[in-house]
Amino acid sequence: MRRHPAVGTLIVASSLALGFAAIAPAAAAPGSHHIPQSAPGWLAHAKRVGTPSSNAAVQVRVYLAPRGGLDALAAQARAVSTPGSSEQGHFLTPAQYHAQYDPASQTISAVTDWLTGSGLKVAGQESRGRYLDVTGSVAAAQRAFGVTLVNYSHDGMTVQAPTGELSAPDAVAGDILSVSGLDTTPETTAPLTQKPSPPSAGFRNARPCSTWYGDSTPANTPTPDGTVLPQLNGATLPFAPCGYTGPQLRGAYEAGASASLLGAGVTVAITDAYASSTIESDANAYAIQTGDKPFAAGQFSQSLPNSFTRVNDGQRQCGASGWYGEETLDVEAVHAMAPAANIRYYAGASCYDRDLLDTFSRINDEATVQIVTNSWGDVGDSVRPSVLAAYEAEFLQGAVEGISYLFSSGDNGDDATVVGTPQTDYPASDPYVTAVGGTSTEITAPGVVQAETGWQTSKYSLSNGAWTLATSFQYGGGGGYSSNIAEPDYQRAAGIVSPNGGRAVPDVSMDADPTTGMLVGQTQTFPDGVKYDTYRIGGTSLASPLFAGMTALKIQASKTGLGLLNPRIYADHTGFQDVTGAGVDQGAIRVDFVDGVDAAQGYVYSIRTFNGATTSLKVGSGWDSETGWGSARAGWLAPAK
């Protein structure tokens, strides 16, 4: 899903620094210019395996730059979002944005003429001119973009792609933001939840578990099958929480805030792929079950595409049912933290980037939403440039309209166990979004964060009456330093020292550890039928909506949207609790059903450690690469100045 433009001074501009193939691009033909960073990022490790027929079909999306260019839009987004700026808070309406930044009709005509003159067909145009959908043959595409298309094998896939950077005539090159589709590598995303089994299959957490952190231990609660649980390193660890509820999470994070701050008058957007048919009834059942109020009439709404696609496209399965669990968590977590806020769910037609980009266009054009939480992404720094510029155009449009974008930072720690080297994830690493990382959080009665640390988990299994290390790294919150995107001004001004000069991730953090996660309620498929039930869930997919809910309260207090949050957070982070790991337990004991449903096949016991896995990420005083500035508290809810 990775893509990269050259945007202002915040983005590293050279292909080598971006981590793309270090291949010097051939000079553009006379009268044309390269489209920046349009070569596939994987070329350096790909193998050429053939040549497509010149008559083979191509489907391309040509994204057009905002009028005046992305740099100008980025400058305005920073100006209206930065405390102390003379333009702070001078946000545009969608109509004003379109009047100022939509591509001019002459531009669209010129690009269309170039494409059709090369033998391609413009099959469709986005209503605001964001992109043109183009079809044609390999021969026509090669002629239009001045490049050769060949077949490559890379990362277990065989794809068609250009051999280098694309080019366009001088007259229109500056109007082309990016081009997607010539590289047929699937551009997909995935939800960032951590649940022990797919949401399509029913799952229940076994007992015992703790209502509040630490209130149930092997010393006061026997196991259901009589298994004796030993100490770990001389300490008796508690059973994991059953799953924190809305009242517990609000009490822990929002203690001291005005009772009137419930998110009234604010609309939080949630984006995911697909849509659960039971989401509103599940969220209402969960709220009532856990002591909160269900949605009032009209408080929850949805923006859905005409149809859903690519549930299984033959190469990469989007897995619609997996997104249902993500949607459930997002909706219930936002409602838990901001019970009076409106929630509007924007469904992508699939997990492909172009469909999720369309959700952002709908958000930015509706004049309804003040903050957007996104609990999905992709793993690693191998950024493909083909639509990253399009993502940034959407983030920046939102910012100049006062809309704040949040993204989960990822669930693979520093990614080294997945891709071999420490890396960050996109879109969380984009400088125009707020990356929300994860903590392991001990919430004790009557709603106090007793201790918290960065979420990096190792797993111990019970073997012959003793705890044995089974997995040195199970999962953990994403963080580190991007090798593709430069450290932005607001991080340098705050004194963040990036060892490679890259964007530092995360910015803030909230509870994400599945062992200390949130209880959610969802309709699932069990062996005896389809029914509603609850289970504990985690991942930075939990952290992002928790922070979005809290920020809705800040927006209510401020009586205005805030745009880019990071300039504000880095200028004054006193509203966040520094997470140092002081006083935290070694971990907690999980009790699970062997079959994930009931005791018919018995129980399995494990310990999931708190920050027990060794990675390149560290927790400590001040900003750190595991938790950013820390987790939000009531101070974050003060009105923006």
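The values are calculated or read from the model by the stated rules, or taken from the named source; none is laboratory data. Quick caveat, the model's predicted, so the values are computed rather than measured. As a convention, Cβ positions derive from the backbone with ideal geometry for all residues, glycine included, and neighbour counts pool all protein chains shown. To get the accessible areas, we keep the full protein, side chains included, count just its heavy atoms, and leave off ligands, DNA and RNA. Shrake-Rupley method; radii C 1.70, N 1.55, O 1.52, S 1.80 Å.
For segment 608-641, filtered to residues that are closer than 30 Å to Thr421 by Cβ and of a type in the set (Lys, Arg), the residue that is least open to solvent (accessible area, probe 1.4 Å) is Arg608.
Against the test of being in contact with a His (Cβ under 8 Å, 6 or more places away or on another chain), open to solvent by less than 10 Å² (accessible area, probe 1.4 Å) and either among the acidic types (Asp, Glu) or under 30 Å from Cys209 (Cβ atoms) (or both), the options Gly538, Gly587, Gly549 yield a single qualifying residue, Gly549. State whether one or more residues within segment 180-199 are open to solvent by 20 Å² or more (accessible area, probe 1.4 Å), under 30 Å from Ser53 (Cβ atoms) and without any contact (Cβ under 8 Å) to a residue 60 or more places away in the chain. So far as segment 180-199 goes, yes, one or more of its residues are open to solvent by 20 Å² or more (accessible area, probe 1.4 Å), under 30 Å from Ser53 (Cβ atoms) and without any contact (Cβ under 8 Å) to a residue 60 or more places away in the chain. When Trp212 is tested against (1) modelled with pLDDT under 95; (2) open to solvent by 40 Å² or more (accessible area, probe 1.4 Å); (3) under 29 Å from the mean Cα position of the chain (by Cα), only condition (1) is not met. Restricting Thr468, Thr439 to residues that are assigned to a strand (DSSP E or B), open to solvent by less than 10 Å² (accessible area, probe 1.4 Å) and not basic (Lys, Arg) narrows the list to Thr439.
Here is a yes/no grid of residues against (1) part of a helix (DSSP H, G or I); (2) open to solvent by 10 Å² or more (accessible area, probe 1.4 Å); (3) of a type outside the set (Ser, Thr, Tyr); (4) touching a residue at least 12 places away in the same chain (Cβ under 8 Å):
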{"position": "Val62", "(1), (2), (3), (4)": "no, no, yes, yes"}
{"position": "Gly68", "(1), (2), (3), (4)": "no, yes, yes, yes"}
{"position": "Ala72", "(1), (2), (3), (4)": "yes, yes, yes, no"}
{"position": "Gly89", "(1), (2), (3), (4)": "no, yes, yes, yes"}
{"position": "Gly129", "(1), (2), (3), (4)": "no, no, yes, yes"}
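Among the residues of segment 495-548, those that are among the hydroxyl-bearing types (Ser, Thr, Tyr) and within 21 Å of Ile607 (Cα to Cα) comprise Thr515, Thr516, Tyr535, Thr540. Within segment 74-87, track down each residue that is in a loop (DSSP other than H, G, I, E, B) and within 14 Å of Leu565 (Cβ to Cβ). Answer for segment 74-87, where residues must be in a loop (DSSP other than H, G, I, E, B) and within 14 Å of Leu565 (Cβ to Cβ): Thr82, Pro83.
Of all the numbered requirements in (1) free of Cβ contacts under 8 Å to residues at least 12 places away in the same chain; (2) within 23 Å of Lys47 (Cα to Cα); (3) among the acidic types (Asp, Glu), Asp113 misses one, and that requirement is (2). The residue pairs whose first member lies in segment 436-451 and is under 20 Å from Phe407 (Cβ atoms) and among the aromatic types (Phe, Trp, Tyr), whose second member is in a loop (DSSP other than H, G, I, E, B) and open to solvent by 30 Å² or more (accessible area, probe 1.4 Å), and whose beta carbons are closer than 8 Å, counting only pairs six or more residues apart or on different chains, do not exist in this structure.
Here's the yes/no breakdown for (1) modelled with pLDDT of 95 or more; (2) over 19 Å from Asp511 (Cβ atoms); (3) out of contact with any Phe, Trp or Tyr (no Cβ under 6 Å at 6 or more places or on another chain); (4) not in a helix (DSSP H, G or I):
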site: Thr271; (1), (2), (3), (4): yes, yes, no, yes
site: Gly291; (1), (2), (3), (4): yes, no, yes, yes
site: Pro305; (1), (2), (3), (4): yes, yes, yes, yes
site: Tyr324; (1), (2), (3), (4): no, yes, yes, no
site: Leu329; (1), (2), (3), (4): yes, no, yes, no
site: His335; (1), (2), (3), (4): yes, no, yes, no
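Check whether at least one residue in segment 534-555 is modelled with pLDDT under 95, on the phi > 0 side of the Ramachandran plot and not hydroxyl-bearing (Ser, Thr, Tyr), and report yes or no. Scanning segment 534-555, I find no residue that is modelled with pLDDT under 95, on the phi > 0 side of the Ramachandran plot and not hydroxyl-bearing (Ser, Thr, Tyr), so the answer is no. Residue pairs whose Cβ atoms lie under 7 Å apart, sitting 6 or more positions apart in sequence or on different chains, and linking a residue in segment 482-496 that is within 20 Å of Asp425 (Cα to Cα) to a partner that is at pLDDT 95 or above and assigned to a helix (DSSP H, G or I), are Tyr490/Asn566; Tyr490/Pro567; Tyr490/Tyr570; Gln491/Tyr570.
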